[in-house]
Each structure stands twice: as C-alpha cells, then as structure tokens.
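The values are calculated or read from the model by the stated rules, or taken from the named source; none is laboratory data. These figures come from a predicted structure and were not determined experimentally. Note that we place each Cβ from the backbone using ideal geometry, even for glycine, and neighbour counts take in every protein chain shown. Please note that ligands, DNA and RNA were not included when accessible areas were found on the heavy atoms of the full protein model with its side chains. Shrake-Rupley method; radii C 1.70, N 1.55, O 1.52, S 1.80 Å.
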Amino acid sequence: MFSLGSRSAIPFFMIEHQILEKVKQASGSYIYDPIGDSEIARIPAFIDRPNCQNLIQLAKNNANKSIHLNLSTGAAVHQNKIRNSDTCVVSPSYSQVSELVSRIAVILCTAVTHAEPINIIKYAKGGHFDQHIDAYSPIHFAIAEYGHSERLTDLISAGNRTWTAMVYLNDDFSGGETSFPKLGINLIPHEGDLVCWRNTKKSNPILNSLHSGLTVQKGNKFVLVIPFREKPCAQNDPSYYI
C-alpha cells in the first residue's frame, strides 16, 4: 500500500496514509494502483448546490475559450481537436473559492500556497478534453529553462504538479465522464463531488494518471479544477494551462 521516499522531509508513506485517512473520514472512496503508482480519491457532496450554482454563474460571466500549450513553440493556443471548452481563471485567494481551496489542501496534506490559479471549465454539447497527463514532462522543464513560453513562468521555482483536484459542479447533462483508460475507470459526474488524482511520484509523471474528459452528449458540463504544485507558485498569474 505504501511507498518509501520523502517529500518535504516527511516520509512519503506517512503523507499517503494521512490522505487516505482524511478521505475515509469524509466518507470517500480511494483507489491505489501499486504497479503504476496511481491514486484516485473521491469524496461525495464536498460542496453544496448553492455553492456549485454560484461557481457556474462565475464561469458563465467570465469564461473564455480554453487554451492548450504547443510544445513546439511554448505558446498557448486554441486547439479544438485536443480540448473544446471555455475556461474561467480564478485566483485561489478570491473570496468565492478561498475556503474551498483550503479544505482541499487539508485533504491532500499540502499548502494553499501550492495551489495554481483555479480553472472553472464549461463543456457545452460536443465539448471534450482528449487524453493527457497533468504532470509536466521533461520537455516542459526544458522549455521553461532554455526556451520561451508565456505559460511556464514559474515551473522551475514551483516544481511539478503533485495532485489535481476537480469538483463536478453539475450533473444535469449526459456524457462527459472522466476516463482513466490505463486503469479502466470511468467516473460518472455527480454534483458537488470532489475527485483527486496524483500526478507525480518523486517529481516524475505517473503515466497511469492519463485521463480525459469524454464528449458531452447533451447539456452543459461544469467542473472546477485545481492543480497543486510541489512548492508555492504564482497564484495571481493566469499564465497556466490544464
């Protein structure tokens, strides 16, 4: 169940155990893949309907076409074949989300300062996000250190992504499941549920964390996404991609 190693001078297995216990205390479920080091946790009804509706309205009022990073140039571009959605970027200190970020940080045994700017994402009918890994690859680090990118401004100082936290803000749509193909898992959205998955082990990407947002068949899907980093990051800098 537990792996040896260290993170911030605390044995890694202790961190992992603490997360598992917090998920259990919240009546959540936890999946661990010892071969691929994958971890997925789900906590039902993490936020209530009024808060979900407020966040949906925030996205409706402020979302712009989602972008993705072009690894050839380091530029942020619209790539509808990869992801088809709209995104509203929010600082973790924004009053409407600050408490939520703090609660999630407690579950994941990390600090609020390690949270990236929050993405509230809208997927309309036909919206999707193709298979990808949230962790940064060696290519990203090379671009950040030796190249130029408007999106990797603090990668060297903040380090890789440890976890991604996602909250389903509604479920009155069809399709749009969160798929982990290497694990054979499709998560069906439920309003207010929190889902978290580990992206890295000792800074290295976990390949089995590969996932996608399947195509929305009917209605609009809204999710809130917060990646967490190894170290504090520039929370007021919207130059991130998911």
Exercise. GNM, the chain, Cα, under 10 Å: largest mean-square fluctuation among Asn204, Asn61, Asn51?
Worked result: Asn61
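Roughly speaking, what % of Cα-Cα pairs in the chain are separated by over 26 Å, rounded to a whole number?
Distances greater than 26 Å cover 34 percent of the Cα pairs.
Send over the per residue convex hull volume for the stretch 141-242, Cα only, as a whole number of Å³. List each step's numbers first, then the result.
Working: hull volume 12.2 nm³, N = 102.
Hull volume over Cα atoms, normalised by residue count, gives 120 Å³.
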Exercise. Round to a whole number: what % of the accessible area of the chain belongs to carbon and sulfur, probe 1.4 Å?
Worked result: 53
Exercise. Given 0.36 nm per residue, what is the gain on full extension from Ala75 to Glu145 after removing their alpha carbon distance, in nm?
Worked result: 23.7 nm
Exercise. Using 0.36 nm per residue, how much length does the chain from Ser95 to Ala234 gain when fully extended, once their Cα-Cα distance is taken away?
Worked result: 48.3 nm
Exercise. So, with +1 on the Cβ of K and R and -1 on the Cβ of D and E, and no other charges, what is the size of the charge dipole of the stretch 49-108 about its Cα centre, to the nearest 20 debye?
Worked result: 180
Problem set entry | Residue-averaged [θ]222 nm for the chain, counting only DSSP H segments that reach four residues, each worth -39500 (n - 2.57) | -6000 deg cm²/dmol
Problem set entry | For the stretch 88-136, the fraction of alpha-carbon pairs in successive 5 Å shells from zero, as % | 4, 17, 21, 21, 17, 15, 4, 1
Exercise. Taking the highest mean first, how do the peptides 182-188, 113-119, 216-222, 132-138 order by number of other beta carbon atoms within 10 angstrom per residue?
Worked result: 113-119, 216-222, 132-138, 182-188
Seminar exercise, completed: Of 158-164, 140-146, 36-42, ordering from highest average Cβ density within 10 Å down gives 158-164, 36-42, 140-146
For this session: Pop a pseudo-label 7 angstrom from the Cα along the beta-carbon direction at both Arg49 and Ser157 and give the gap in nm to one decimal.
Result: 4.4
Problem set entry | 1.4 Å probe accessible area per residue over the chain, in Å² | 45
